Structure formats: structure tokens, C-alpha cells
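Novice: Following this message is one structure expressed as C-alpha cells.
The values are calculated or read from the model by the stated rules, or taken from the named source; none is laboratory data. Just so it is clear, the structure is predicted and the values come from calculations on it, not from any experiment. As a convention, Cβ positions derive from the backbone with ideal geometry for all residues, glycine included, and neighbour counts pool all protein chains shown. With ligands, DNA and RNA removed, areas are computed over all heavy atoms of the protein, side chains included. Shrake-Rupley method; radii C 1.70, N 1.55, O 1.52, S 1.80 Å.
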Amino acid sequence: TIRVTKDGRRIPVSVSVSPLKDAAGEVIGASKVIHDVSEVIASRAALIREKELLATTLASIGDGVIVTDAQSRVTFLNGEAERLTGWTSEEAAGRTLSVVFRIVNEHTRRVAENPVEKALRLGNVVGLANHTMLLRADGAEFLIDDSAAPIRDKDGTVFGVVLVFRDSTEQRKAFEARERLAAIVEYSGEAIATKNLDGIIQTWNASAERLFGYHADEIVGKPVTILIPPERLWEEEEILSRLRRGLPAERLETLRVAKDGRQIPVSLTVSPLKNADGEVVGASKLIQDISDRQRAEHQRQELLAREQFLRSQAEQAGRIKDEFLATVSHELRTPLNAILGWATLLNKGNVDESAATRGMDAIERNAKAQAQLIEDLLDVSRIISGKMRLDVKPVTVSPIVEAAVDAVKPAADAKAIRLDITIDPVANKLRVDPARLQQIIWNLLSNSIKFTPPGGLVQIKIQRTASAAEIVVTDTGAGIKREFLPFVFDRFQQGDASMTRKHGGLGLGLAITRHLVEMHGGTIEADSKGKGQGATFTVKLPIRAVTTRTPADAFKDSRYPESTVSKSPSLTGFTILAVDDSQDTREFITVALEACGANVIAAASAREAFDLFAGSKPDLVVCDLGMPEEDGFSFIKRIRELPDVQGGATPAIALTGYVRVEDRMRALEAGYEMFVPKPIEAGELCTIVATLVDRNGKT
């Protein structure tokens, strides 16, 4: 109750009234014990206030709170606990915790141990195992984190448990996302690192370790400049400046330095890192090794350059081919025009004897020129295909030189050019292919005569120098421009290739000469003091040049304009079967062989020839290879299938315009004894025929 003090203060008191009795037991009054209870009331009010504050606090915190008694019965749920469990405090009061707080393992769905019971059993704070899931009353599910602690009185006796738990679903998702991101970064195939705004490396993944050779514990905390070549430090200053200004990510291709000192070409992508307030606090770097890409790009550039070069070469080759074909056409048509023109005039018979003689000379001269052009082309083909061979033997040089000089003398006489020959006796013996040596000398002399003006001089000198024989051809002709000297021995190259040029030719003679000289192990050089000052060609051949002869080269046809046949052989008493689909060729063979006394039977086809063969029993067959319906290969095979008594062994010559090495081998394999390319002179044809019939004992 309340009592009033002398000074008027109202004092809360506790009054205990006891009766006073006399000896007889009668109540005669009362005694009062009065206690000042101000402090008790204040303490009680404070306790109430604390309970209210606690209740308010528990209700307002973000975690769920459940309080139980010592028998694990619910005595209190705050608002968050009500939301997460789906139970109100009134509904849950007095219920066992396992009914209100249902938890299972998120993976196995097995019921998890109640944390309150565990706290009561162990008497200390406990937490749930990972992957615990709370099942709400309405079926909703939450991943939770929790802890339970026993509540003790003053003497330490446990009289309840407080359980605190929270919904960790979003937190777990964020954590797992961070873990996945960290794993992606760590095991990414690209090198990834981060740094702060001071350029200090903060993180370093496994790919960065592989790329640069630094382990994370070696480089994290070190300045990023450890990776930058000294001459590129300005790049880092620019990157940090951009980051501090909040500029967006950038990408550059640059160089970085590995631990072993190697400089690695990289593609660097720098992105700003921001904190929760959006402030830039550093940067992440994606670093790609572009060595392979740069190599591929370099290779692509090389291939592109090569393709452009080859295309340029092809275009140039196309132009050269067109120019060459035009030149070939001109050089072949020019003598052909003279041949055809004079042949037409002679055929009409309206020319006098002097003109007829000049015409015959012109036909012969131009036919030989045309034959030489064709032979040069064939030589080039042999050179390109690698099928040219040498027949090397000991020879005396002077007769070869004289034969070459005799061949060019008519051309020299026509221009009043003097030929001067000097042969050193010590250089008169060589081991060479005589036919090819004659071709070398003839080519050089012909070239000098062609470019020397009338009344000039051409000298040929054979001399010994150390272990080599020198063939020096000097002229007083047009000379060679200094800039053209390096190309004078190239195929199809001419000092003047225009339509207004003074001198004809295909530009092959000197190229063939160089190749023939080199096949002998020698060298050839050209020199000239300039235009109009003549030229000198020097061939050096080793004294002992050794090359083996192949069986395919056993028979060498004539390649030179002058026939070496001085006297036609006698073929009297021999019967020759001539087979060619060209009437002009048949008549030529007939006239040439009959002039030597042979009896010639001509056939225009293989079928006609085979029919004539049995009745005529010829001593020798001269047959073309390329004929309609049945070719010369098939024809000779049919002959060879006959018994010897029926002429199956009759010797045969293949006379053809197909002059490839493979054509020769095919003809010999088919059954021909000799392979003779067209064109051929009459005397040479008679000599070959006589040689073959004599070889077979038909004398």
C-alpha cells in the first residue's frame, strides 16, 4: 500500500498486521511490520520493461526465434519464426518442437536431428549440419542455418532452450554462384588476374600460372609491372588512369614477360571492378596467349604474299607464253612462207633456170632453219623434263670445230664476215659428247654471225687454262647492254623482243648452250663493253669430264643443219616398204631411196601395208607412227607376231614427228630397231637404211 511520510512523500510499503492478545487470549490490539518496497517495485518494473524489450527485440530481428522448456515444448515464437514455420505462437504453445520445427536433409530428405534435443543432451550451443531444409506447414521449403543454446537459471540448471534460425536459400544460391564463378575463373582456359588501383595483383588463376610460370603465392601482392616489358610500362599507366576515371573496359594486343624471361604476345582485356557502392576499386584482366594466332596470321600473310607472287609469276609467265607463241609463230611462219612461196612458183613452172636454182636453195635453207627451230624446242623440252643425256667419249676437238664452222660458213659468207679459228694443240683432246660439243660451238658461232654486221669478224679460240679447256667466241657485232648480261642465258630472253627487232630467233640457243655446258661440268660466261662493241662468250670445260651413256641414247639422230653424209650408199637389190599417211612424205621416201637404187613399195595406211607385206617380202620397213585407224605401233606388233619365214623378223625403222623419249621407248619396245625423228634429209635416210640392212646381213 501507500503511506505518507512527515515530509509528505508517498511511500510504497508492504504492511504485515498481527493481532496482540492478553494472557487470557483476548485480542487487545495489533502490531504492524512496515517495509519500504520502493526498490522491489522498481525492480519489478525494470524486469517487466526488460521482458517487453526482449519480446520486442525478438519480434523485430530478422532471424527466427523459438523458445522451448526443458521438455522441448514450445513456449515462444517470434514473428520471423511464425513466418518460416507457418505456426503462430498461440498454435505452437505447448507443442513439441519437432511438430512445429520440421527439418530434413535437402539431398536425402531424411528427418534431421532436432537441435533443441541435441542442446538439451549436450548442454551447450549446437548448430545444424549443412544442407538442412525446413518444411513449412503449408508445404513451402527453406534452406536454413541455425543454432540452439540451453537456458540456465542462477544455479546452472537448464530450464529451456532458445533456437535461432534464418532462411539461407538466397544466401546459399549466392554462395554457390560465387563458388561456381570462382571455379570457372580458376579452371578457365584463359589466364585471369585481378589487381587494385595501385596495380598490385590480388588474384591469379591456374591458367595464369601455366601461361607465365608464376605460382599464385609467388605473384599475388606483387606489382603487375613484373609482367610488363620495360619499354611498355606506359601501357600500365594508361590502364590505371582509365580505371581511376571510371572508363569502360578496353582491349589491346601487346607483349608480357613470363617468369623465364620469354616475351609472350597476348590479347589483354581489362574490365573495372566495382564495390557495392559502384566505385571502381580495381580491375580484372583476361589474358589470352595469341602466339599461335600470330603465327597463323604470319603464315597467312606469307601464303598471301606467296600467292600474290605466284599469281604475278603466272601472269608474267602467261605474258611470256603469249610473247613466246607469237615469236614461235613468226619464226616458223617466216621460213614456211619462203618454202611455200618458192614451191608454188616452181610447181607452176613459169620461172627460169636461175630463179629455179635460187628457189631450191631458198627452200632447202628455210627448211633447215625450220628444222633447227623445232630441234631447239625439243631440246628445251628435254632439258625441262630432265631427259637430256650425254654420250661422252674421248674426242679430237678440231674436226668438231671445223664441222661447226662449215655449217655456219654459208651464213658468214653471205655477210662477208671473216671467221678466224685458233686451236691450241694441248686443248685438242677432251672427253665430251661430240654431237653436243658441236651444237655448243655451232650455237655460239651462229649467234655471233647473226648479230655481227657485214664485213665484221668472228673469232673462235680453243685454249688450255689450268685444268680446263676454254672455248672463246668473240665478235665485232651489236654487243650486249650491261643490264641485259645477267639474263642473256635465260630461256626466251632476247635483247630486243619487239616486233621491230632486226634479228629473229626464239631466244633458246644460248639457254640450251648453257645447259649443255653445265651437263659437261663446265661454265659459260658472256661479256660485252656495251652496245655496238661486240661480245665475248667463254666456255670452260674440265679436261676430264666423265658422264655415262644410257642405252636409250645408243642411237643419236642428226641435229644439225649440215649433213655429214658425203656419199650416198647403194641400196641396189633391196626392197623397202614405206608406210606413211602423208602423200608428200611417201613420195619423198620413195624418191630418196630409189635414187640409191632401192625398190620402194609405198602404202598409205597400216592396213594397206600389212596386205602388201606378205606379197612383197621387203628387206626393211620404214613406217610412220601416227596414222589414222591403225597406228605404227599396232602395225609393227602384227608384223612381229608372224613367223620368221613370213617376215616376222624384218628390220623396221620408225620415222615420226613424235620425238619424246617415251615415244622412242614405246617404239623400240613395240618392235622397231631404230627411231628416226622427222624431218630427215635424203642422204641421212639412205645411210640409216643402209646401216640397218647391212647390220642384218642383207648385203
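Novice: If you take the residues in the range 493-520 that are among the small types (G, A, S) and surrounded by fewer than 16 Cβ atoms within 10 Å (Cβ to Cβ), which one is modelled with the lowest pLDDT?
Specialist: Applying the filter and picking the extreme gives S498.
Novice: Only one of R242, R256, R262 is under 17 Å from L286 (Cβ atoms), modelled with pLDDT of 90 or more and not aromatic (F, W, Y); which?
Specialist: Among R242, R256, R262, only R256 is under 17 Å from L286 (Cβ atoms), modelled with pLDDT of 90 or more and not aromatic (F, W, Y).
Novice: If you scan the range 146-161, which residues turn out to be open to solvent by 60 Å² or more (accessible area, probe 1.4 Å) and closer than 19 Å to V65 by Cα?
Specialist: Scanning the range 146-161 gives R152, F159.
Novice: Kindly list, by first and then second residue, each pair from a residue in the range 432-453 that is open to solvent by less than 10 Å² (accessible area, probe 1.4 Å) to a residue that is among the polar types (S, T, N, Q) and modelled with pLDDT of 85 or more, limited to pairs with Cβ atoms under 7 Å and residues at least 6 apart or on different chains.
Specialist: Cβ pairs passing all conditions: T452/T476.
Novice: Follow-up question, since we're still on this one. Looking at the range 244-283, which of its residues are over 41 Å from the mean Cα position of the chain (by Cα) and closer than 14 Å to A193 by Cβ?
Specialist: The answer is L273, G282.
Novice: If you don't mind, another one. Here are the criteria: (1) open to solvent by 60 Å² or more (accessible area, probe 1.4 Å); (2) farther than 20 Å from K274 by Cα. Tell me which single one E235 does not satisfy.
Specialist: (1)
Novice: Quick one: is D155 farther than 16 Å from S98 by Cα and touching a strand residue (DSSP E or B) at 6+ places or on another chain (Cβ under 6 Å)?
Specialist: When the stated conditions are applied, D155 does not pass them.
Novice: While we're here: For T575, work out the one condition from (1) at pLDDT 85 or above; (2) over 30 Å from V622 (Cα atoms) it doesn't fulfil.
Specialist: The one condition T575 does not meet is (2).
Novice: Does the range 679-695 contain any residue that is in contact with a Gly (Cβ under 7 Å, 6 or more places away or on another chain) and without any contact (Cβ under 8 Å) to a residue 40 or more places away in the chain?
Specialist: no
Novice: Shifting gears a bit: Would you please list the contacts, defined by Cβ atoms under 9 Å and residues six or more apart or on different chains, that run from a residue in the range 162-173 that is on the phi > 0 side of the Ramachandran plot to a residue that is modelled with pLDDT under 85?
Specialist: Short answer, once both residue conditions are applied: none.
Novice: Further, regarding this structure: Suppose we keep only residues that are more than 22 Å from S446 (Cα to Cα) and touching a Leu at 6+ places or on another chain (Cβ under 8 Å) within the range 332-387. Which one would you say is modelled with the lowest pLDDT?
Specialist: V351
Novice: Given (1) in contact with a strand residue (DSSP E or B) (Cβ under 9 Å, 6 or more places away or on another chain); (2) in a helix (DSSP H, G or I); (3) open to solvent by less than 70 Å² (accessible area, probe 1.4 Å), where does S241 come up short, assuming only one miss?
Specialist: The single condition S241 does not satisfy is (1).
Novice: I would also like to ask the following. Filter the range 120-138 down to the residues that are within 16 Å of G64 (Cβ to Cβ) and over 60 Å from the mean Cα position of the chain (by Cα), then identify the one that is modelled with the lowest pLDDT.
Specialist: L128
Novice: Mind checking which residues of the range 82-130 are in a helix (DSSP H, G or I), in contact (Cβ under 8 Å) with a residue 40 or more places away in the chain and under 16 Å from T169 (Cβ atoms)?
Specialist: Once the filter is applied, which keeps residues that are in a helix (DSSP H, G or I), in contact (Cβ under 8 Å) with a residue 40 or more places away in the chain and under 16 Å from T169 (Cβ atoms), the range 82-130 yields L84, T85.
Novice: Looking only at the range 388-423, which residues are part of a loop (DSSP other than H, G, I, E, B) and modelled with pLDDT under 85?
Specialist: Matches in the range 388-423: M388, R389, L390, D391, V392.
Novice: Still on this structure, I have one more. Find the residue count for the range 608-639, including only residues that are among the basic types (K, R) and surrounded by 14 or more Cβ atoms within 10 Å (Cβ to Cβ).
Specialist: 1
Novice: Name, by its number, the condition in (1) closer than 15 Å to A148 by Cβ; (2) at pLDDT 90 or above; (3) open to solvent by 30 Å² or more (accessible area, probe 1.4 Å) that does not hold for D63.
Specialist: Of everything listed in (1) closer than 15 Å to A148 by Cβ; (2) at pLDDT 90 or above; (3) open to solvent by 30 Å² or more (accessible area, probe 1.4 Å), D63 misses just condition (2).
Novice: Taking L143, is it open to solvent by less than 40 Å² (accessible area, probe 1.4 Å), closer than 13 Å to T85 by Cβ, out of contact with any Pro (no Cβ under 8 Å at 6 or more places or on another chain) and without any contact (Cβ under 8 Å) to a residue 60 or more places away in the chain?
Specialist: It is false that L143 is open to solvent by less than 40 Å² (accessible area, probe 1.4 Å), closer than 13 Å to T85 by Cβ, out of contact with any Pro (no Cβ under 8 Å at 6 or more places or on another chain) and without any contact (Cβ under 8 Å) to a residue 60 or more places away in the chain.
Novice: Which residues, taken from the range 433-472, are within 26 Å of A414 (Cα to Cα), among the aliphatic types (A, V, I, L, M) and in a strand (DSSP E or B)?
Specialist: Hits for the range 433-472 are L457, V458, I460, I462, I471, V472.
Novice: For residues that are at pLDDT 90 or above and open to solvent by 60 Å² or more (accessible area, probe 1.4 Å), tally how many sit in the range 456-492.
Specialist: 3
Novice: Residues of the range 162-178 being closer than 30 Å to T203 by Cα and either surrounded by 11 or more Cβ atoms within 10 Å (Cβ to Cβ) or at pLDDT 85 or above (or both), which ones?
Specialist: S168, T169, Q171, R172, K173, A174, F175
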